[in-house]
């Protein structure tokens, strides 16, 4: 809602995370959001609260172990299948009751369907696809950072006159806290009311497509190619390196747009966000649209003939040279090491 004065603003407290529940299981992105919420709550001196809607939700204590102080739980068979209209009605009611200061959701299929609807219902602003979150300690405003103007700059957005402040965060951008089984907290159990389902659509069935050919989100090692690979044949070389390392192959948008490789391999603002332990960028200049999708990787290796590209400058290890000479040498070295 829009706030008219500071007294109204003071009624809102705590950082909420919308737990993403898929077939009763807590999606990993929830723990990433809880890590961010924990940091924000520590700055504000308030509590991090996980809000879980579903049916037969498994391992609720994992939410405490990853940073939650409280869990608001609505467990009902009618919530077994994701229904953005029904979930929105429940959350709208809970927001009126508990008045959270901040609400974070995942920029996933579920989050992108639910959170914008909730923002409209609660008359709040929403910043989508955030890659950074912080708190202005003077005002309590959530500073929401995301790519803007086609990814050519990073914008920091605040909504000082509305509460709760809402943002969705891309998966694999935030890091979850280490699992701490000793952490406990308070579970607040709420019920689904008949009015929550009034005029809501009925979801008859959901399906999950697990056969997209690549799962970059779970890959620990990624070999990625850009314009420097010169075409589809260049990706065959990268696939050899990826196989030698036990990794996956990714690409910049330019390669996908050129038809050299399929869209599921795309990393960046309009593709996937990854958080691999090792990211090898081959012939990728490093435009901001690509960097926002892989900047959280632990170790970044860049291979390019031009040492002055943004990717080469940000890399932990920068190898200046022709990738068509460097990559075969790496493959041979790895193969020799495996044979010994």
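Between helix 28-44 and the chain, what is the angle of the helix's C-alpha long axis to the longest principal axis, kept within 0 to 90° and rounded to the nearest 10?
For helix 28-44, the angle is close to 60 degrees.
Over the alpha carbons of the stretch 45-138, what is the largest minus smallest coordinate on each principal axis, giving the biggest first in Å?
43, 31, 27
Suppose the Debye formula is applied to equal point scatterers at every Cα of the stretch 6-197; what is log10 I(q)/I(0) at q = 0.10, 0.18 Å⁻¹?
The computed values of log10 I(q)/I(0) come out as -0.36, -1.25.
Provide the packing ranking of 281-293, 59-71, i.e. peptides ordered by the mean count of other C-beta atoms within 10 Å per residue, highest first. Mind showing how you got there, number by number?
Working: 281-293: 24.2, 59-71: 21.1.
Ranking the peptides 281-293, 59-71 by packing returns 281-293, 59-71.
Kindly provide the helix-only [θ] at 222 nm of the chain, computed as the sum of -39,500 (n - 2.57) over DSSP H runs of four or more divided by all residues, to the nearest 500 deg cm²/dmol?
On the way: 10 runs with 103 residues, N = 340.
Value at 222 nm, helices only: -9000 deg cm²/dmol.
For helix 323-339, report the angle its Cα long axis makes with the longest principal axis of the Cα atoms of the chain; keep it between 0 and 90° and round to the nearest 10°.
90
Please state the shape class of the stretch 216-339: rounded when a/c is under 1.5, otherwise prolate if a/b exceeds b/c and oblate if not, all from the C-alpha gyration tensor.
rounded
Determine which residues of the stretch 67-111 fall in the zone a paramagnetic label at residue 60 would reach in this model, i.e. backbone nitrogen under 11 Å from the point 7 Å along Cα→Cβ.
71-76
With a 10 Å radius around each residue's Cβ, average the other Cβ atoms per peptide and rank 222-229, 246-253, highest first.
222-229, 246-253
Could you give P(r) for the chain, binned at 10 Å from zero, as whole percent values over all Cα-Cα pairs?
5, 24, 29, 22, 14, 5, 1, 0
At 7 Å along Cα-to-Cβ for each site, give me the label-to-label distance between residue 299 and residue 320 in nm.
About 2.3 nm, to one decimal.
Roughly what angle does helix 84-98 make with the longest principal axis of the chain, taking Cα atoms, 0 to 90 degrees, to the nearest 10?
The helix 84-98 is inclined about 60 degrees to the chain.
Read-outs throughout are calculated quantities, based only on the coordinates presented, and are distinct from any laboratory measurement. No experiment lies behind these values; they were computed from the predicted model shown. Don't worry about glycine lacking a Cβ; one is built from the backbone with ideal geometry, like all the others, and counts go over all protein chains shown.
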